[in-house]
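Have a look at the structure below before the remarks.
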Amino acid sequence: MARKLTRAVKGSPYRQYDFVVGGVRHCGSTKRTGEAEAEKFARAIRRNARGQRARRPLVPSGQGGR
């Protein structure tokens, strides 16, 4: 079974997502109250983050991105 990407937060009607892709933390509100719908939303965000990481150009060490 896959690890859950969302969790309920006390005081909020919405579920929150929290995960790391490529050393970058992604977290925030799903703006969804149902667990299944929130998980689906969080998976889409994670998939997008993974795709963005794959398209990011590699900068050789010492170049500083300039």
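Read-outs: derived from the displayed coordinates by stated rules, not from any lab. Just so it is clear, the model here is predicted, and its values are computed rather than measured. So basically every Cβ, Gly included, is an ideal-geometry build from the backbone, and we count neighbours across all protein chains shown.
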Given a Förster radius of 22 Å and the C-beta distance between Ser29 and Ala2 as r, what FRET efficiency does 1/(1 + (r/R0)^6) yield to the nearest 0.05? 0.60
To the nearest 0.05, how large is the calculated FRET efficiency for Ser12 and Arg43 if R₀ is 30 Å and r is the Cβ-Cβ distance? 0.90
